[in-house]
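Worksheet for the structure shown next.
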Ligand SMILES: C[S@@+](CC[C@H](N)C(=O)[O-])C[C@H]1O[C@@H](n2cnc3c(N)ncnc32)[C@H](O)[C@@H]1O
C-alpha cells in the first residue's frame with residue numbers, strides 16, 4: 001500500500017484558492033488519491049436526489065421532521081460522538097451542517113458557560129431555525145468546502161450526515177482539519193445506508209433493494225468506509241466505530257413519511273424507489289409488491305421499525321506538522 005504518512009493532516013486540501021478564510025496559511029498540496037472503487041456488482045446510477053436535496057443550501061423548515069426522527073434514531077451515536085471529541089469545560093467546538101441546532105445545544109451543555117460552540121450550515125433556513133430555537137448558540141451560514149473560520153481555531157470539529165451528501169467530501173474533511181487546533185479531534189459521522197433495514201420486509205430482498213437505492217439517491221452511500229480507507233492510506237490512524245442505531249418506530253416513521261420525499265427517510269423505500277429498482281432489474285415486480293405489502297402491514301399494525309446504523313470516523317490532528 002502506498003502511503004505518505006507525513007502528509008495526511010493536509011487531507012483533501014486542494015489549493016489555497018479553495019478557502020476564503022482570511023488568515024488561512026494553506027499551501028498547495030497534491031490531490032488526494034481517488035477514493036476506493038465501488039463494488040462493481042451493482043452499477044451506480046447517475047442521480048443522487050436525496051443528497052442533492054440535503055446539500056442544496058435550500059433545506060426548508062419542514063425538514064425538521066426528518067431531523068428529529070433521525071436524532072431519535074441516532075441518539076446513542078450522537079452521544080458517543082460527543083465523547084470522542086474529548087471535550088472539557090471551556091472547549092471551543094464546531095458542528096458543521098448543524099441543521100436545526102439541536103447538537104449545538106447539547107455541546108453547549110458539555111463545554112459549560114466558559115466554552116464556545118459554533119454551528120455552521122449552508123441553509124439560511126436551518127440557521128434561522130437554529131437561532132430561534134437556541135438563542136445562546138453561535139450560528140453562521142457557511143459551506144463545509146470553505147469554512148468561514150481561521151486555521152487552528154477549534155478544539156474539536158464534527159459533522160453528522162453532512163459529508164455523505166457532498167461531491168467532494170474529502171475536501172470538506174480537509175477543511176474541518178484546517179480549522180482544528182493541533183491535538184484536536186475531527187469527527188465525521190455518517191449513515192451506514194447500505195446496511196439499512198425496514199422491518200417487517202424480507203431481509204434478503206430488502207438488502208438487495210437498499211444497496212441499489214442508497215447508491216442511486218446518495219452521493220456517497222458508504223462515505224465512512226471510503227473516508228476510513230483514504231485516511232489509512234494517507235498514514236493516519238483513525239478511530240472507527242459503528243454506533244448502534246435506536247429503532248425508528250411507528251410514531252417516528254409515520255411522521256417522517258407524512259413529511260414527504262425527498263425530505264424523508266421514506267425516499268429510501270417509497271413507490272418510486274421500488275419502481276427504479278424493478279426497472280434496473282435489481283428486484284422483481286413480485287418482490288417489489290411484497291416489500292410494499294410488508295411496509296403497509298408494519299404501518300397498519302404499528303409494528304414497523306426503521307433500523308440504520310451510523311459510523312463514526314475520527315482522527316486527532318497532530319501536535320506538530322511533522323509528527
Ligand atoms: C442530514 S442534515 C443533518 C443535520 C444535523 N447534523 C443533524 O444531525 O441533525 C444535513 C445538514 O447539512 C447541511 N449541509 C449540507 N451541505 C452542506 C454544506 N456543503 N456546507 C454546510 N452545511 C451543509 C444541510 O443544510 C443540513 O442542515
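Brief remarks follow.
- Residue-span extension gain [residue 56 to residue 202] - 0.36 nm each, minus C-alpha spacing: 49.2 nm
- Looking at region 42-316, the DSSP beta bridges with both ends there are about 50 percent antiparallel.
- A Förster distance of 45 Å, applied to the separation of the beta-carbon atoms of residue 136 and residue 286, puts the FRET efficiency at 0.25.
- Estimated FRET transfer efficiency (residue 254, residue 293; beta-carbon r; R0 22 Å; 0.05): 0.80
- Gained length - residue 275 relative to residue 229, 0.36 nm times residue gap less alpha-carbon distance: 13.3 nm
- Length gained on full extension, residue 124 to residue 303: 60.8 nm, using 0.36 nm per residue less the C-alpha separation.
- Kirkwood estimate for region 56-112, i.e. one over the average of 1/r between Cα atoms, Å: 12.4
- Computed over the alpha carbons of region 42-316, Rg followed by Dmax gives 18.6, 60 Å.
- In this simple spin-label approximation, residue 88 and residue 150 carry label points 7 Å from Cα along the Cα→Cβ vector, and these lie 2.2 nm apart.
- Centre-to-centre, using Cα atoms only, region 170-197 and region 127-164 are separated by 13 Å.
- Each part gets one Cα centre, and for region 229-275 versus region 50-118 those centres are 16 Å apart.
- Sequence ranges 116-127, 286-297, ranked by mean other-Cβ count within 10 angstrom, highest first: 116-127, 286-297
- As a rough footprinting exposure proxy, the listed residues 215, 158 were ranked by other beta carbons within 10 Å of their own, and the order from fewest upward is 215, 158.
- Region 49-195 shape via C-alpha gyration tensor axes, a/c threshold 1.5: rounded
Each reported figure results from applying straightforward, stated rules to the coordinates on display, with no laboratory input. No experiment lies behind these values; they were computed from the predicted model shown. No Cβ is skipped: glycine too gets one built from the backbone with ideal geometry, and neighbour counts run over all protein chains shown.
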